[in-house]
Amino acid sequence: DTAYWNAIAPYRSVAGLLAMADMKRETDFSGDWVFDEGRSRLDNVGAGNLPGKLSIVHKDNRILIKRTMISEYEDNTIMEDTLTLDGKEKAYRSPFRNAPGTIAAHLSEKGDTLYIDSKVIFQNGGQTREFVVNEAWTLQDHGKSLSIAQSSNSPRGRRSITAVYGKL
């Protein structure tokens, strides 16, 4: 924690070591997570288009994300993405109308925030529509909660929410 980092800073400086705040500590986002609506900050759309469950395997420079969209009236929709954390765009097909899109992921400089940027392009009536989503993932509560700050822009407008998931 920050208090410990500050207390140990003089020793680390004399020893010629990096300050702990400057050390890269890559966060491991692995785990099974369930959506916690009560702790999330949503808008008028509510939990619409948010996965009810996430299963994540984070190893080295790769992350496998399995999103389960819970449906009351039909089979759940499961989306899987395997991403490299190098920021390079990868082409993919959206499960919604099989629309083409791109997705890219990278970690913050300190390795404590995962950024995922995606864009899906829909064709409708001869018009092209883009749906852009930017996410910033962080762990909270000593790794017991996953917070995803999400902003999106679509033909229906802008959306800015924070979805919180609890670790199973």
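The values are calculated or read from the model by the stated rules, or taken from the named source; none is laboratory data. Note that this is a predicted model, so its numbers are computed, not measured. For neighbour counting, all protein chains shown are included, and Cβ atoms are generated from backbone atoms with ideal geometry for every residue, glycine included. Areas reflect the complete protein model, heavy atoms only, side chains present, ligands, DNA and RNA absent. Shrake-Rupley method; radii C 1.70, N 1.55, O 1.52, S 1.80 Å.
Once ligands and nucleic acids are excluded and a 1.4 Å probe is used, how much of Ser108 is accessible, expressed in Å² to the nearest 10?
20
Can you sort Arg67, Arg158 by solvent-accessible area, 1.4 Å probe, largest first?
Values: Arg67 30, Arg158 200 Å².
Sorted descending by solvent-accessible area, the residues read Arg158, Arg67.
Report in % the part of the accessible area of the chain that belongs to carbon and sulfur, leaving out ligands and nucleic acids; probe 1.4 Å. Could you put the intermediate results ahead of the total?
Numbers: 5190 of 10660 Å².
With neighbouring chains kept in place, the figure for the chain is 49 percent.
Counting pairwise Cα distances across segment 62-139, what percent come out greater than 15 angstrom?
Counting every Cα pair in segment 62-139, those more than 15 Å apart make up 63 percent.
Report the charge-dipole magnitude of the chain in Debye, nearest 20, computed about the Cα centre from +1 at each Lys and Arg Cβ and -1 at each Asp and Glu Cβ. Could you put the intermediate results ahead of the total?
On the way: 22 positive and 22 negative charges, 57 e Å.
Here the chain has a charge dipole of around 280 debye.
Just to verify a number: what accessible area does Val120 come out at with the full protein assembly present, 1.4 Å probe, Å² rounded to tens?
10
So, taking all protein chains as they sit and a 1.4 Å probe, how much accessible area belongs to Glu26, in Å² rounded to tens?
90
For segment 24-86, what's the relative contact order in percent, using C-alpha pairs closer than 8 Å and at least 6 residues apart? Please list the in-between numbers first.
Details: 92 pairs, mean separation 16.8, N = 63.
Rounded, it is 27 percent for segment 24-86.
Under 17 Å Cα-Cα from Lys90, which lysines qualify once same-chain neighbours fewer than 8 residues away are excluded?
Lys66, Lys119
Averaging the inverse of every distinct alpha carbon separation and then flipping it gives the Kirkwood radius. What is it for segment 22-83, in angstrom units?
About 13.4 Å, per the Kirkwood formula over Cα pairs.
Per 5 Å bin from zero, what fraction in whole % of the C-alpha pairs of the chain is there, up to the bin with the longest pair?
2, 7, 14, 18, 19, 15, 9, 6, 4, 3, 2, 1, 0, 0
Convert each backbone phi in segment 101-116 into a coupling constant with the Karplus relation 6.51 cos²θ - 1.76 cosθ + 1.60 (shift: θ = phi - 60°), then list the ³J(HN,Hα) values in order as whole Hz, x for Gly and Pro.
x, 10, 9, 9, 9, 7, 9, 5, 4, 7, x, 9, 10, 9, 10, 10
So how do His58, His106, His142 rank on accessible area, 1.4 Å probe, biggest first, that is with the largest at the start?
Result, largest first: His142, His106, His58.
Ratio of alpha-carbon Rg to the 2.2 N^0.38 Å globular estimate for segment 107-168, to two decimals, please.
Working: Rg = 14.8 Å, N = 62, 2.2 N^0.38 = 10.6 Å.
Ratio of Rg to 2.2 N^0.38 Å for segment 107-168: 1.41.
What angle, in degrees between 0 and 90 and rounded to the nearest 10, separates the Cα long axis of helix 2-14 from the longest principal axis of the Cα atoms of the chain?
Between the helix axis and the principal axis of the chain, the angle is about 50 degrees.
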